[in-house]
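First comes the structure, then the notes that go with it.
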Amino acid sequence: MEMKTMNFLKEKCGEENYKKLTALNNQKINGFVTGYIQLCNPEKVFVRTDSAEDALYIRNKAIENGEEKKLAMDGHTVHFDGYYDQARDKGNTKYLLAKGIDFGPSIKGINKEEGLMEIQEYLKDSMVGKEMYICFFCLGPLDSEFSIVCAQITDSSYVAHSEGILYRSGYEEFKKKENCNDFFRFVHSAGVIESGVSKNVAQRRVYVDLQDKIVFSTNTQYAGNTVGLKKLALRLAIYQASKEDWLAEHMFVMGIHNPKGRVTYFTGAFPSACGKTSTSMLPGETIIGDDIAYLRNREGKIYAVNVESGIFGIIRDVNPESDPLIWEALTFSGEVIFSNVLVTEKNAPSWLGDERGIPEEGINYSGEWVKGKKDAKGNDITSSHKNARYTVRINRLKNRDIKADDPQGVLVGGVIYGGRDSNISVPVQESFDWKHGVLTMGASLESETTAATLGQEGVRKFNIMANLDFLSIPLGKYINKYLNFGSKLTSAPIIFAVNYFLKNSNDDYLTEKEDKHVWIRWMEQRIHKEIDAIKTPTGFIPEYEDLKRLFKEVLNKDYTKEEYGEQFTLRVAENIAKIERIVEVYKNSVPDTPDVLFKVLEEQKQQLERVKAEHGDYISPEILKASN
Ligand code: OXD
Ligand code: MN
């Protein structure tokens, strides 16, 4: 490093932080940090190593500067985001693309020069009077071929604190990699803060530079837009994976424990707020991760790791009944950040669906709150936001899998796709093979929208592999990548599709929240070839007797033939309409769609037409079985 730069860094960082930074011996890091100190102009700089002391420093700062407030329970804090900054901002999240590059209409881009100029303008002097935190993390287990090291610059102690819970510290990992220059970088500034929240949300931007592996985020605090290592890193990882031979997915990783003692690992992709975390937290089973996985082919089989080490989970409906293990982690002392919940007069968090009743008043993301409070547009303000969250380490959970940090990953037996679908698909079905699963389940996934992103809720939207929001390569290329990846496997996992949200014509749910445990235990037995299934035009579905046995074994419930009949009736017209919608999406907005997708969907449609001609629009599982 040039003498001038060294002196500048030393002066800005102070002796101790300068030492921590330069001990990494990494020219690219030094240049990166120097550049953003010059641009953002912070009052102070703090460098986070892997020490407990540094983690505590950041946590204390968050409390000192008001980004978090202590709650009554030891270790608990609360953070509020601005009223209009409560979800991922898809509209303002864009890729910085060089001239002439276009990823197709499903992926938002902005001219790189223009985008960089805009973001530099928002970052300029954005940290005057604030402290800059420079943090090092590792996506994936330490010392693992799966993992990627990252550097985060932020002026938010809440963001730095959240990342300290959600990711493995990576300072020593950087040191080991001697002068490595291939890593992900994130630069975040919450911008001007007024009454504790980002003032200029109209200038909220998340810009992703895939070539330089750097993401910028400005004028926002909501973790989905600011915690670089979460969905921002997923975008970088998808791009990198597409150039190498692996997959970066919006998936949980969990172990299913058969009563005989065998453990089978599953990954599962679901859009936000569609049961992904609650599946990975099923009682009696073990969790590796609930949100993002990297998958690699080793000796013809898929292995997966959890990229994270914590959960940024939706808190709504977490209660002792539905999520006993999370409930325990959230209601005992220990480190938890609650965000956008209601804080009661007892200085305790309260949230929708916690089954303790909604208090009359408290403090929430709108300030002082009383029952019946309305916003400027006359809409009801709920006590706790629907997308309120908790941030907790997985090692606080009793069901953490023993292989959670295994650098080798775990062998994947099953891959699950799920969405919020009130009237089409049966609760569980199995694909005919990898290609069929990828094309008709993953690439055809639709889901009704939720509060996890800005915009209207309950609208049915196409969401390929539950990963659409994060895709950084054209969709056709992504599908081909999946098919290619599968073709190199000698023992591919089985692909399944689930639907936890199926309703009858009276708008009542046909399944209970806990039934998903039965579906996954059925999949486990299918993987081990212990039970038969019924072949239908859309996939294999369970036999009644197997589910009856599993309902008793897993949930101690008597499962009736009527329930089975209603849940597993093939809704032919709805399935055909879905295929037609999906084909339209690909025809209209995915110019590079592989032909095989149209071919497989067309075959499935013809199968459906055929059974429709014979049996009508609604075909019971008994009839389907009889025609096997
Ligand atoms: C999340 C999301 O927070 O997908 O995991 O929105
Ligand atoms: Mn997610």
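The values are calculated or read from the model by the stated rules, or taken from the named source; none is laboratory data. Just so it is clear, the model here is predicted, and its values are computed rather than measured. Ideal geometry is used to build each Cβ from the backbone, glycine not excepted, and the neighbour counts take in all protein chains shown. Remember, those area values only see protein heavy atoms, side chains included, never the ligands or the DNA or RNA. Shrake-Rupley method; radii C 1.70, N 1.55, O 1.52, S 1.80 Å.
The calculated P(r) of the range 146-252, using every Cα pair and 5 Å bins from 0, goes 2, 12, 22, 22, 20, 12, 6, 3, 1, 0 in percent.
Note on the chain: helix-only mean residue ellipticity at 222 nm, from DSSP H runs of 4+ residues weighted -39500 (n - 2.57) and normalised by residue number, equals -9000 deg cm²/dmol. Whole Å is fine, so just give me how far the alpha carbon centre of the range 522-593 lies from that of the range 120-185. Distance between centres, Cα-based: 42 Å. Sorting 187-194, 289-296 by their mean Cβ neighbour count within 10 Å, with the most densely packed peptide first, gives 289-296, 187-194.
Checking every one of the trypsin sites (Lys or Arg not before Pro) in the range 516-567 against DSSP loop status and a limit of 12 other Cβ atoms within 10 Å picks out LYS529.
Compared with the direct C-alpha span, the chain from GLU328 to LYS503 gains 59.9 nm at full extension, assuming 0.36 nm per residue.
Relative contact order for the range 312-396: 39 percent, from Cα pairs under 8 Å spaced at least 6 residues apart, divided by residue count. Hey, how many Å between the Cα centroid of the range 600-628 and the Cα centroid of the range 399-421? Between the Cα centre of the range 600-628 and that of the range 399-421, the gap is 33 Å.
Scan the range 489-559 for GluC sites (Glu not before Pro) in coil per DSSP, keeping those whose Cβ has at most 14 other Cβ atoms within 10 Å, and list them by number. When the GluC sites (Glu not before Pro) of the range 489-559 are filtered for loop state and at most 14 Cβ neighbours within 10 Å, GLU512, GLU530 remain. Loop-located GluC sites (Glu not before Pro) in the range 255-346 (DSSP state not H, G, I, E or B) with no more than 15 neighbouring Cβ atoms inside 10 Å: GLU299, GLU321, GLU345.
What the Cα atoms of the chain give is an Rg and a Dmax of 24.6, 82 Å. Greater than 22 Å separation of Cα atoms is the criterion. Which listed pairs, LYS578/LYS599; LYS94/LYS599; LYS403/LYS557; LYS10/LYS69; LYS28/LYS175; LYS230/LYS587, meet it? Exceeds cut-off: LYS94/LYS599; LYS403/LYS557; LYS10/LYS69; LYS230/LYS587. Full extension of the chain between LEU116 and HIS528 gives 143.1 nm of extra length, using 0.36 nm per residue less the Cα-Cα distance.
Highest mean first, the peptides 123-132, 483-492 sorted by other C-beta atoms within 10 Å per residue fall in the order 123-132, 483-492. Excluding ligands, DNA and RNA, the accessible surface per residue across the range 312-396 is 46 Å² with a 1.4 Å probe. Determine Rg/Rh for the range 521-628; Rg is computed over alpha-carbon atoms and Rh is the Kirkwood hydrodynamic estimate from the same atoms. Answer for the range 521-628: 1.06. Please say if the range 349-435 is rounded, prolate or oblate, where rounded means a/c under 1.5 for a ≥ b ≥ c the square roots of the C-alpha gyration tensor eigenvalues, and otherwise the choice is prolate for a/b larger than b/c and oblate otherwise? Since a/c reaches 1.5 but b/c is at least a/b, the shape of the range 349-435 is classed as oblate.
Share of carbon and sulfur in the accessible area of the chain stands at 48%, probe radius 1.4 Å.
The tail of the calculated P(r) for the range 37-196, taken as Cα-Cα distances beyond 22 Å, holds 53 percent of the pairs. Considering only alpha-carbon pairs that sit under 8 angstrom and 6 or more positions apart, the relative contact order computed for the chain is 13 percent.
Its residue count N sets the reference 2.2 N^0.38 Å, and the alpha-carbon radius of gyration of the range 405-483 equals 1.24 times that reference. Taking a temperature of 10 °C and a viscosity of 1.306 mPa s, what whole-number D in µm²/s does Stokes-Einstein yield for the range 174-229 with Rh from Kirkwood over alpha carbon pairs? The calculation lands on 127 µm²/s.
The label-point distance for GLU580 and ASN423, in a model that sets each label 7 Å from Cα toward Cβ, rounds to 1.4 nm. In the frame of its principal axes, the range 1-108 has Cα extents of 49, 49, 23 Å, reported largest first. Packing, as the average of other Cβ atoms within 10 Å across residues, places the peptides 111-118, 162-169 in the order 162-169, 111-118, highest first.
The length gained on full extension between GLN408 and LYS373, counted as 0.36 nm times the residue separation minus their Cα-Cα distance, comes to 7.4 nm. Inter-label distance, VAL128 to ALA573: 6.5 nm, where each label sits 7 Å from its Cα along the C-beta direction.
Can you give me the relative contact order of the range 180-264 as a percent, contacts being Cα pairs under 8 Å and 6 or more apart? This gives 22 percent for the range 180-264. The convex hull of the Cα atoms of the range 452-571, projected and averaged over all directions, covers 10.2 nm². Within the range 388-444, the proportion of C-alpha pairs whose separation exceeds 17 Å stands at 61%. Value of Rg to Rh for the range 312-396, rounded to two decimals, is 0.98; Kirkwood radius and Rg both from alpha-carbon coordinates.
Counting only Cβ charges, +1 for Lys and Arg and -1 for Asp and Glu, the dipole size of the range 312-396 around its Cα centre is about 280 debye. Between PRO259, SER198, TRP327, the Cα set farthest toward the positive side of the dipole of the chain (charges on each charged residue's Cβ, about the Cα centre) is that of SER198. Rounded to the nearest angstrom and listed largest first, the equivalent-ellipsoid semi-axes of the range 306-463 from its Cα gyration tensor are 33, 24, 12. The distance between label points at GLU545 and ASP102 comes to 5.8 nm (points 7 Å beyond Cα on the Cα→Cβ vector). Under the convention that each Lys and Arg Cβ holds +1 and each Asp and Glu Cβ holds -1, the size of the dipole of the chain around its Cα centre is about 1000 debye.
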